[in-house]
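Below you'll find the structure, written out as structure tokens, and then a few comments.
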Amino acid sequence: MNKNRVTIDYKRNSKNTTKLINHSNNNKKKKIEEMYLEFQRNPINLEDVKKPRGSLYIVVDRCKECAYCWEYCPDNVLEVSNQLNSKGYHYPMIKIDKEDNCVHCGMCTEICPEFALFTLPKEVLQIES
Amino acid sequence: MLGDHAIAEGALAAGCNFFAGYPITPASPIAERMSWRMNHVDGDYIQLEDEIASMAAIIGASCAGAKAMTATSGPGLSLMLENIGLAYMMEVPCVVVNVMRGGPSTGMPTLTSQGDVMQAKWGSHGDYEMISYCPSNVQEMFDFTVKSFNLAERYRTPVILLADQILGLMTSNLTIPHEVKLNTEYRKLPPKDTINYKPYDNAELIPPMALAGMGYKVHMTGLTHNEFGYPAATPDTHSKLMSRIRDKFILNLDEIIDLEKINLNDCNIAFIAYGSESQSVKGAIKIAEKKGLKIGLLRLKTIWPFPIKEVVELSQQVRKIIVPEINMGQIVHFVREYAHCEVISMPHPGGSLHSPEEIYAKIKEVIS
Amino acid sequence: MTLPMFVETHPRDELVRTERLPHIWCPGCGLGNILSGFTQAIINSKGTIPIDNQVVVSGIGCSGRFAGYVKVDSYHTTHGRAIPFATGLKLANKKLNVSVISGDGDLMTIGGNHLIHAARRNINLNVIFVNNFNYGMTGGQFGATTPHGAITTTSAKGNYEHPFSMPYLMASAGASYVARWTTLHLKQLEKSIENAFHHDGFSFIEVISPCPKGFGRKNNFKTGLDQMRYFESASLKSDNINLKEATASMKLLDNLPVGEFIIDNKPSYLKVKEATILNNGGRT
């Protein structure tokens, strides 16, 4: 029945998925409205949701310069420094201009095979200082 | 009861609740009986893929608190040697029964010998001490198994019981003492506080043993280790560790060594024998007595640690010592090293015992 | 530049014997990652398996040194014999959750007999098979899992032999949980280890690990990072793959199938033992 066919576009707030729904009669109109509200775009309130920040820590003499952390940091925040630990290995540092980019994702903490490098949320640091 | 079964019953009387084994003639009856009897004592029987696995399994079971045993013969003991060293190094109590058969190699599975007595003490690599009992009748098969467990637990060490095929497959009378009269020992466990526990404290001759699951988070290794159990390969740590482990035996020789002395005070000729061969010797002594000769016997109930002091003393009292063995002369070398008198070896390639008449013939030969 | 702040402890230190860090493993070795994932898996499972009941047994080799770094009851045993040792431990105290963590040379080459029998028995053990394709500790000799043609210290012209395909072997031996991951699959490995802890029966997890000094540098992987990059590009989650084709060839053009290949709920050794005794007259 062509006159009752309606197609509606949906946009999920952060996922950008679109769904086409066909409905055939008015009994389902209420359900459609509810779904519309659920999938409606809600702007994020930046006061409530803060982007996490992380600060970098290291148990320096455990580092063996394996290169996993600076290779696998998802935002390329880390690189090798020219500082040596007492065993003769260069340990990592945060790149210039990337000081605020660490989001405490935990990748370096997990991938360091030496239990050396890790991050903590930066809020913790602020409370301490 | 069959000698092999007496060993199984002795183990159960001592509290054995774990048996891992592999079939081998003439020790299979022990495994067979254990596989049935373990259910009665709520223990575990597992038949593993080889003797190496059996030895590893009993060490593991002992680390978790079980009283563990395995039983094998010559070829199996050869396979177990590496892990016997592990049990010695980790200081884990366990009992290995070797029902000796004709060797070397596959040898004569259904005939006896005493060919593995040296292997028990010198088979595994490195320097180590060993406790070995050598029963000479079915009653001793039972009694010495109980004693093996007790000494293993007391000194935190593997103990090898050296039976032989004749006794293993001999049926004879056996008296099993009431539970109350049996003194069974268990290793010392550590005190309640976890913080100061050192698994291999050199200050204590026999450190208390923490079991897996007790919460002490022990680390035990076959590498040379320090007092915390961590690998520490330095000559100094090695020396301290090995002296303490050796001292467990050397300082307790009086408690460990067990001997039977017959006629030793007034004889010129004495025998040193062990195992089923010693029964022939006793027969020969009776024959000699009828002919008016007084012959002595020092029977080694424990072959290892070797009774150096007693052999020296004996050699100063008698003129000659004869050492009959069902092998081509193994213990005789030790006797020769320490005796001050002449030592005569009476070897046998294996397969049967010397008869009392043969031994008596030797006495006559030696006297003349 | 911003240097990291220097501290004395790491958040994942809880179950590590920190007095023995830094560990002896080479820079780029995957064993550190496995240690990290394994200890986290223990912590994540502590609701159902108390940490005091966790036991680790290992053999000889670089992977064998694992037992010396985990802060639970741990046993460092003879070469190839970790599995029967663990069998004894488990049977003597059935409450323990016993994990065997050892290398390919230790568990499969010398200890292969014990491994396949344990799989056949479906004994309640968790085996973490660290595969770095060579005998690392002794300098890089070839073993039962070394790829065909690989250069090692004892196969300078290329390995004549063909390796085992571990998941295929374990599946045919009767293992009831078979998985393979690489040390780059950190989260998946951790979850897989937790699954193995809770799996009732024989669990086998093969973890492919870089070995820069032993295997890698003679076989086109100059650093551990090069091997990790290979894992990233070549690994393919293939849970339903025909295991006959699930070899790990470490050759640049081949895939590396990973995933949980077999999850079988058949009864474990202990369950079958209890049922059999009960059905045949009980303990009399």
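Got the relative contact order for the range B:261-367 handy, in percent, Cα pairs under 8 Å and 6 or more residues apart?
31
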Charge dipole (debye, nearest 20) of chain B; +1 at Cβ of Lys and Arg, -1 at Cβ of Asp and Glu: 620
Percent of C-alpha pairs per 5 Å bin, the range B:74-223, short to long: 2, 9, 16, 18, 17, 14, 11, 8, 4, 2, 1
Alpha-carbon Debye profile of chain B, log10 I(q)/I(0) at 0.09, 0.11 Å⁻¹: -0.51, -0.75
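Which whole-number percentage describes the relative contact order of chain C, with Cα contacts under 8 Å and a sequence gap of 6 or more?
On the way: 581 pairs, mean separation 47.4, N = 284.
Reported as a whole number, the value is 17 percent.
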Projected label distance in nm at B:N202 and B:K291, using a 7 Å step from Cα toward the beta-carbon: 5.8
Among B:K309, B:K181, B:K282, residue whose mean-square fluctuation peaks in a GNM of chain B (springs only between Cα atoms under 10 Å): B:K181
Magnitude of the charge dipole, the protein assembly as shown, Cβ model with Lys/Arg +1 and Asp/Glu -1, debye to 20: 1760
P(r) histogram, all alpha-carbon pairs of the range B:3-177 included - 10 Å bins from 0, percent: 12, 45, 37, 6, 0
Chain B - mean residue ellipticity at 222 nm from DSSP helices (-39,500 (n - 2.57) per run, n ≥ 4, rounded to 500): -12000 deg cm²/dmol
The range B:3-177, dipole about Cα centre (Lys/Arg Cβ +1, Asp/Glu Cβ -1), debye to the nearest 20: 220
Degrees between helix B:277-290 axis and first principal axis of chain B (Cα, 0 to 90, nearest 10): 30
Förster radius 56 Å - calculated FRET efficiency between B:M108 and C:R229 (Cβ-Cβ, nearest 0.05): 0.35
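Which order do the peptides B:203-210, A:112-119, B:35-42 come out in when sorted by mean C-beta neighbours inside 10 angstrom, highest first?
The peptides rank, most packed first, as A:112-119, B:203-210, B:35-42.
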Rg over Rh, two decimals, the protein assembly as shown (C-alpha only, Kirkwood Rh): 1.10
Nitroxide proxy distance, nm - points 7 Å out along Cα→Cβ at C:K266 and A:I44: 5.1
Positive-end residue of B:V92, B:N268, B:S239, charge dipole of chain B with Cβ unit charges: B:N268
Distance between modelled label sites at B:H178 and B:H125, nm, 7 Å Cα→Cβ extension: 5.2
Theoretical gain in end-to-end length, B:K309 to B:L189 [0.36 nm per residue, Cα-Cα removed]: 39.9 nm
P(r) histogram, all alpha-carbon pairs of the range B:261-367 included - 10 Å bins from 0, percent: 16, 54, 28, 1
Ranked by how many other beta carbons lie within 10 Å on average, peptides C:128-135, C:206-213, C:167-174 from highest: C:128-135, C:206-213, C:167-174
Spatial extent of the range A:61-129: Rg and Dmax, with the Cα atoms as the point set, Å: 12.2, 34
Theoretical ellipticity at 222 nm over chain C - DSSP helices of four or more residues, -39500 (n - 2.57) apiece, nearest 500: -8500 deg cm²/dmol
Span per principal axis, largest first, for the Cα atoms of the range C:25-279 (Å): 57, 36, 31
Neighbouring partner chain Cβ atoms per residue of C:32-42, average, 10 Å criterion: 3
Lysines with Cα under 24 Å of B:K291, excluding same-chain neighbours fewer than 8 positions away: B:K261, B:K282, B:K320, B:K362, B:K364
Where Rh is the Kirkwood radius over Cα pairs, Rg/Rh for the range C:114-251: 0.97
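Once Rh for the range C:9-96 is found with the Kirkwood sum over Cα pairs, what is the Stokes-Einstein diffusion coefficient at 20 °C and 1.002 mPa s, in µm²/s?
Diffusion coefficient, whole number: 156 µm²/s.
Sort the following peptides by mean Cβ neighbour count (other Cβ atoms within 10 Å, averaged over residues), highest first: C:191-197, B:152-158, C:269-275.
Descending mean neighbour count gives B:152-158, C:191-197, C:269-275.
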Relative contact order of chain B, pairs being alpha-carbon contacts under 8 Å that are 6 or more residues apart, as %: 16
Relative intensity, log₁₀ I(q)/I(0), of the range C:222-262 from a Debye sum that treats every alpha carbon as a point, q = 0.19, 0.20, 0.21, 0.29 Å⁻¹: -0.55, -0.60, -0.64, -1.00
Cβ neighbours within 10 Å from other chains - mean over A:95-104: 1
Among B:P26, B:N137, B:A361 - extreme Cα towards positive end, dipole of the protein assembly as shown, charges at beta-carbon: B:P26
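Read the figures in this text as sums done on the coordinates, not as results from a lab. Quick caveat: nothing in here was measured; it's all calculated off a predicted structure. When we count neighbours, we look across all protein chains shown, and the Cβ atoms used for this are built from the backbone with ideal geometry, even at glycine.
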